[in-house]
Amino acid sequence: MCAYVDSIVRDRADAEDITHTLFLKLLVKIQRYEQRDVPFAAWILRVARNAALDHLRARRAIPFKELRTTDEGLEDEAVERAESLRLALDELPTAQREVLILRHIAGLTPSEIAERLGRTESSVHGLHHRGRRALQLALRELDSGPLTASA
């Protein structure tokens, strides 16, 4: 079993740990095993394969745009971003700005916003969608747009 897991994770120590943990879990999971057309050994190999793949997924690196090593200058950056956001919000039509603030700052649901503003829920959804798009464009014009992953 360990050799099978090792063939997937390609690290003998990790394979041994996964196999050890797998056998501990099998003590509990064995009660749920239902005999079918598939042999018992195939079921155990499938459980081992899933455990190995879960291990690989957990180790997978998460891509990021830039690595921050210190917090130096972050306070200034936060002030600049807040000012850019305020300027961008000021450019939006009043209805879009109200919906965005009530949704993202006050944390209200679309139905609560509709009730508060005397609008239908579908109009709130439309204002929210158009407002977010307009805000994104305004922030890009101010060179403060959201960072997106490059292809």
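Readers should treat all values here as calculations from the given coordinates under stated rules, not as data from a laboratory. What you see is a predicted model, and the numbers here were worked out from it, not measured in a lab. Glycine gets a Cβ as well: all are built from the backbone with ideal geometry, and neighbour counts include every protein chain shown.
Structural remarks
- Estimated vicinal HN-Hα couplings, Hz - segment 27-37 in sequence order (Karplus 6.51, -1.76, 1.60; Gly, Pro = x): 4, 8, 6, 4, 5, 8, 5, 10, 5, 9, 6
- Per-residue extension of 0.36 nm, minus the Cα-Cα distance of residue 91 and residue 34, leaves a gain of 14.2 nm for this segment.
- Rg and Dmax, both from the Cα atoms of the chain and both in Å, are 26.2, 67.
- Computed [θ] at 222 nm, helices only, for the chain once each DSSP H run of length n ≥ 4 contributes -39500 (n - 2.57): -21500 deg cm²/dmol
- FRET efficiency, 1/(1 + (r/R0)^6) with R0 35 Å, evaluated for residue 83 and residue 122 via beta carbons: 0.55
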